[in-house]
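Remarks on the structure that follows.
Please treat every number below as a calculation from the coordinates, not as lab data. Note that the structure is predicted; figures quoted are calculated from it, not measured. Glycine also receives a Cβ, built like all others from the backbone with ideal geometry; neighbour counts cover every protein chain displayed.
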Amino acid sequence: MSDMVSIRGAVTARNNAEEIAEASRRLFEKILFKNGITDGDIVNVLISTTADITAFYPARAVREAGHNVALFSCQEPNISGSLKGCIRMMVTAASEHAPRSIYLNGARTLRPDITAAWSIALDGPSGAGKSTVAKLVAKELGITYLDTGALYRALGLKAIRGGVNTHDGAAVEKALASADVKLEYVGGVQHVVLDGEDVSAAIRTPEVSMAASAVSAVPFVREKLLDLQRGIAASSCVILDGRDIGTVVLPAAEFKYFLTASAEIRAKRRYEELKAKGESVTFESVLDDVNTRDKNDSTRAVAPLKKAFDATEINSDGMTAEDVAKFIVDGVKKDL
Ligand code: DC
């Protein structure tokens, strides 16, 4: 069901035609993308600029980018102390989603209430390279990396240790109700602490992978880990990788990416990782695991693996982790 919504946005630019045009087009298109709307949903677009923006009409930039929508530009009064070089938009449109405001570059300072702690949601199937990429991005941007899979793995480990059938939801809930999972950061590196024990190394086995995939389908387990993930994201700038970050955990994340790769490539990467750790596995068994986990993760009833409508998809088949990280870092830097 669509409702009429009013979506706000703002961006800053220096007073030259090219910059104004680029900023205006980018703000408008980001408003559309982040709100899941297209030109046909739009009733009208009001654009105002501070008095120092005189080199180009922002509305012209939007029109010349091929958007056939009702546009209206005006200039704001010259208020002393107001943010310099500011272009503001208000888009009225039919939308199925709650309106998402977009504040870019210098205009982020206008709304510290919604722009102070920003997040990057990185979702995708197992073995797509999410954790390698997320670590690189976190380092480059100086933000926290939250590996959410590790939380599910810790609970999977507890279920195995308790001898629980991980496919029996009621038994899983009973065994994990009292589990105490915490994350600690030592020198910027995430450690997972289960009932007081650092299990960061113990959770990296194929057996725990399968158990994590199974227990992650239990609603109680997802609910239990939700507040922990949201709490960390609310207090600092983070990159989270997982399966449902952009769709369920942080639907309002500023930046969303969905990282994919073919099953063979993902299995090959995981196989090499396990071999390097001295595990005795065959490529076929790793590929089987990848396929089984893909099926579990994308067909489960609760929070299945799914690309958020406003996530940018990256297929990493022909890319290195550094290439993917650079793509994300460049995308984020453009808006900060
Ligand atoms: O990313 P990983 O392989 O460490 O994740 C382990 C399992 O946990 C995976 O099979 C799916 C599940 N998981 C999830 O359901 N939701 C997340 N946000 C992260 C992981």
Over all pairs of different Cα atoms in the chain, the reciprocal of the mean inverse distance gives a Kirkwood radius in Å of 21.8 Å
With at most 16 neighbouring Cβ atoms within 10 Å, loop GluC sites (Glu not before Pro) (DSSP) excluded, longest segment of the chain: 97-278
Taking placed amide H atoms and a strict 5 Å upper bound, the residues 5 or more places from GLN75 or on another chain that come that close are THR49
Lys and Arg at +1, Asp and Glu at -1: neighbours of LEU46 with Cβ under 14 Å from its Cβ sum to +1
Would you please give the residues with an amide H less than 5 Å from that of LEU336, counting only those at least 5 places away or on a separate chain, with H modeled from the backbone geometry? ASN105
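How many Å³ per residue does the convex hull of the Cα positions in the stretch 88-192 occupy?
Numbers: hull volume 20.7 nm³, N = 105.
Enclosed volume per residue, from the Cα hull, is 197 Å³.
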HN-Hα J couplings of the stretch 49-63 from phi, Karplus 6.51/-1.76/1.60, θ = phi - 60°, integer Hz, Gly and Pro as x? 10, 5, 5, 7, 8, 10, 7, 6, 7, x, 4, 5, 4, 5, 5
Student exercise, the chain dipole from Lys, Arg, Asp, Glu Cβ charges, in Debye to nearest 20: 380 debye
Using a Cα distance threshold of under 16 Å, what count of lysine pairs results for the stretch 224-322 when pairs must be 8 or more residues apart or interchain? 5
Apply the Karplus parameterisation 6.51 cos²θ - 1.76 cosθ + 1.60, with θ equal to phi minus 60°, to every residue of the stretch 209-218 and state each ³J(HN,Hα) to the nearest whole Hz, in sequence, with x for glycine and proline. 4, 5, 5, 4, 4, 5, 5, 5, 8, 8
Apply the Karplus curve 6.51 cos²θ - 1.76 cosθ + 1.60, θ = phi - 60°, to the phi angles in the stretch 171-178 and return the couplings in whole Hz, x for Gly and Pro. 5, 4, 4, 4, 6, 9, 4, 9
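Quick check: convex hull of the Cα atoms in the stretch 160-255, volume per residue, rounded to a whole Å³? Don't skip to the end; give the middle numbers.
Working: hull volume 10.9 nm³, N = 96.
Taking the convex hull of the Cα positions in the stretch 160-255, it is 114 Å³ per residue.
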Signed unit charges on C-beta, dipole axis of the stretch 229-313, positive-most listed residue ALA261, THR292, VAL238: VAL238
